[in-house]
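Contents: one structure, followed by commentary.
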Amino acid sequence: MPGYRMLLCAVVASALMFADHRFTRMEEVRAQLTTVVAPIQWLVAVPSDVLTWGSLALSDQRALVEENRRLREQVLHLSHRVQHMSSLTAENVRLRELLGAAARLEADYITAELLSLDADPFTHQMVIDRGRRNGVFVGQPVLDASGLVGQVTAVSAYSSRVLMVADASHALPIQVNRNGLRFVLQGSGDYNALRVMHVPDTADIREGDLLVTSGMAGRFPPGYPVARVTEVVHDPGQPFARVTAEPVARLQRSRHFLLVFPPEPAPVPDDEIWDQELPDQLGADTPVATATEEPD
């Protein structure tokens with residue numbers, strides 16, 4: 001019986017193939033049969049489609065995870081480069097400011113970089129990376145791109161300790177840039193406040209005045225900006241006014257500094273040189289009075 005069924009199916013299939021080839025009306029029958037068989041074909045293809053979709057989904061997920069990891073690493077790498085670039089840009093700006101400030105100096109200088117700050121909250125000192133091998137000496141002025149930072153107080157072979165102007169034990173002679181009045185500026189222990197000492201109540205000093213080194217002590221060359229007056233308080237009945245100033249140097253932010261070498265003082269001629277040059281300047285026929293001669 002199964003053999004007859006197979007034979008019958010083969011005969012029917014052959015007849016349909018012959019009819020489809022010979023008669024055009026079989027196209028409509030084929031289209032209708034295709035419509036009827038389409039859901040069956042879809043159901044048969046579902047398992048294969050599900051497997052294919054699952055494989056693609058897993059593959060896409062792995063690719064997305066890998067791409068996400070790679071992009072995260074790239075973002076971190078670029079972020080690190082941006083941070084480093086920002087630091088280099090800021091350092092370049094500071095060094096350009098230092099070079100711009102140094103161009104106006106008439107003395108030799110070397111640059112230095114901050115190594116550490118003193119951990120004691122009651123002192124304002126720092127350590128820089130230049131020492132005796134670089135020619136640094138005790139009392140040498142230290143500046144940043146904005147103004148005077150302080151002076152060197154101790155020197156080793158490769159580093160030096162700097163006492164900043166804000167330290168309570170630091171004082172230096174200054175003058176008002178506007179009118180030349182001279183005073184003493186002392187640190188207060190606060191990075192943002194300095195005290196101008198013994199200012200007469202009638203002195204011509206006002207808020208906004210720039211205070212510069214006067215050069216009177218012989219340690220700081222004249223003309224370096226130190227501070228700017230922020231407050232002048234006149235107390236009736238008191239002989240002195242209370243004057244507060246703010247350092248112009250960026251004491252808490254600067255990392256690069258200038259160590260200035262004061263210019264060599266001009267030699268002072270001795271008495272013999274004066275005696276030899278004076279007649280030439282006055283003329284050969286001009287008599288020169290000495291301490292032992294009395295004028296007629």
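The values are calculated or read from the model by the stated rules, or taken from the named source; none is laboratory data. Predicted model, so just to flag it, every value in this text is computed and none were measured. Every residue, glycine as well, gets a Cβ built from its backbone with ideal geometry; the counts of neighbours run over all protein chains shown. For accessibility, only protein heavy atoms count, side chains too; no ligands or nucleic acids. Shrake-Rupley method; radii C 1.70, N 1.55, O 1.52, S 1.80 Å.
Quick look at the numbers
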| read-out | value |
| --- | --- |
| Rounded accessible area of His256 (nearest 10 Å², 1.4 Å probe) | 20 |
| Rel. contact order, % - alpha carbon contacts under 8 angstrom, at least six apart, region 170-231 | 31 |
| Nearest-20 debye value, region 193-247 charge dipole, Cβ charges on Lys, Arg, Asp, Glu | 260 |
| Geometric extent, Cα atoms of region 207-268 - Rg, Dmax (angstrom) | 16.0, 49 |
| Debye intensity ratio I(q)/I(0), log10, region 122-211, q values 0.14 Å⁻¹ (C-alpha model) | -0.56 |
| Cα centroid separation, region 138-207 to region 219-263 (Å) | 5 |
| Residue-level accessible surface for Val65, protein heavy atoms, 1.4 Å, Å² | 90 |
| Residues Thr202 and Arg178, FRET efficiency given R0 of 22 Å [Cβ-Cβ distance, rounded to 0.05] | 0.85 |
| For Ser146, distant residues with modelled amide H under 5 Å away | Arg250 |
| Label-point separation in nm, Leu43 to Thr111, each point 7 Å along Cα→Cβ | 8.3 |
| Sites Val50 and Thr89, calculated FRET efficiency, Cβ-Cβ separation with R0 51 Å, nearest 0.05 | 0.35 |
